[in-house]
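Only the coordinates and a few stated rules stand behind these numbers; no lab work does. Since the structure is predicted, the reported quantities are computational estimates derived from the model, not experimental observations. Glycine gets a Cβ as well: all are built from the backbone with ideal geometry, and neighbour counts include every protein chain shown.
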Amino acid sequence: MQLFDAHCHLQDPRVFNVSSLLIKTALCYGIQLMAINGVSEKDWLRVKGMSDDYPSVVPCFGLHPWFLGDRSPNWFRLLKEYFQSTPAAAVGEIGLHKWPNGTEADFQLQVQVFHQQIELAKEINRPASVHCVDAFDELLDIMESIGPFPAGVMLHSYMGSAELVPRLVKLGTYFSFSGHHTTFMTPEKLKAVLKAVPKNRILLESDAPDALPKLNSTEIQWVPGDASRTLNQPANIPVVLSYVASFLGMEEKEVAELTYRNSIRFYTYPGSKVAGDR
């Protein structure tokens, strides 16, 4: 089976020193390609280097809402320069995250930064990997004001409702599922969401090195070969595949082929490392 990790962070300092091992391990488990998402100016160069070194790495550059405090005054100019110099790059990880104790000013800054980046994604015709936690109303307002997005938008580790899916699909949205976050949903909610999402818009991701699948679940077990036994890795995609397939009522091989094809389509654009049909 061929698999595609639609969203991960192997540039993360916690695993970067063993990233070559994790990439090789992923290939052994059938993960042919993986999209590595930068989250701040501090790691964009690292992501670019990994893309240069590994044919299986699709680079993505973005400013994550958790790291707005680390940005320089020139962050947006620098981001655009990375896209100009890296034709293979997609946009990500960007998005919105409402903190329980966050201030309105902090969230409005997130809105401003997200607006800039999603607008840039449409302008340069690159797909975007988007993070959204407890901010779907604001996310939809922004996306509907700018969209639709011909190059596509992916909501990674989707935790929204089934009811939101049709509005998001109209904008060109794909929905990615990780092992850890799917287990946060009740089985009833996960089944409803997967039923609502068109099958040609379903993707799988590890979100490594975070989002480790639940170890105490009979459905999700750890895949051997990890670096630390506490962090996640792309080699866990078959675990995610098995869990999602069980809710779709499909054979794992069918879901593998479906999600690989969907990921190839999503990450196909002028200059990309993959080739497919939209």
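Some points to look at:
- Within a Gaussian network of the chain (alpha carbon springs, distance under 10 Å), most fluctuating of T259, T230, T103: T103
- Helix-only arithmetic for the chain: the sum of -39500 (n - 2.57) across DSSP H runs with n ≥ 4, divided by the residue total, places the mean residue ellipticity at 222 nm at -12500 deg cm²/dmol.
- Electrostatic bookkeeping for Q84 treats Lys and Arg as +1 and Asp and Glu as -1; over the other residues with beta carbon under 14 Å from its beta carbon, the sum is +2.
- Protection proxy ranking for 37-43, 25-31, 267-273, using the average of other Cβ atoms within 10 Å per residue and placing the highest first: 37-43, 25-31, 267-273.
- Relative contact order (percent, whole number), the range 1-126, Cα cutoff 8 Å, 6+ residue spacing: 21 percent
- Tail fraction, Cα-Cα pairs, the range 22-61, threshold 13 Å, whole percent: 48 percent
- Residues of type aspartates and glutamates that K98 reaches as a straight line, Cα spacing below 13 Å, ignoring anything fewer than 8 places off in the same chain: D106, D134, D137, E138
- Of N200, N262, N101, the one that fluctuates the most in a GNM where the chain has Cα springs shorter than 10 Å: N101
- Rg and Dmax of the range 41-88, based on Cα coordinates, read 11.1, 33 Å.
- Cα Rg, Dmax, the range 15-105, angstrom units: 14.8, 46
- Per-peptide packing, taken as the mean over residues of other Cβ atoms within 10 Å, places 235-243, 249-257 in the sequence 235-243, 249-257 from highest down.
- Each label was represented as a point 7 Å from its Cα along the Cα-to-Cβ direction; for R167 and K195 these points are 2.1 nm apart.
- According to the Kirkwood relation over distinct C-alpha pairs, the hydrodynamic radius of the chain is 18.5 Å.
- Sorting the segments 204-214, 74-84 by their mean number of nearby beta carbons within 10 angstrom, highest to lowest, gives 204-214, 74-84.
- Highest-MSF residue in the chain out of I36, I94, I142 [GNM, Cα springs under 10 Å]: I142
- Bins of 10 Å from zero: percent of alpha-carbon pairs in the range 112-220: 14, 46, 31, 8, 1
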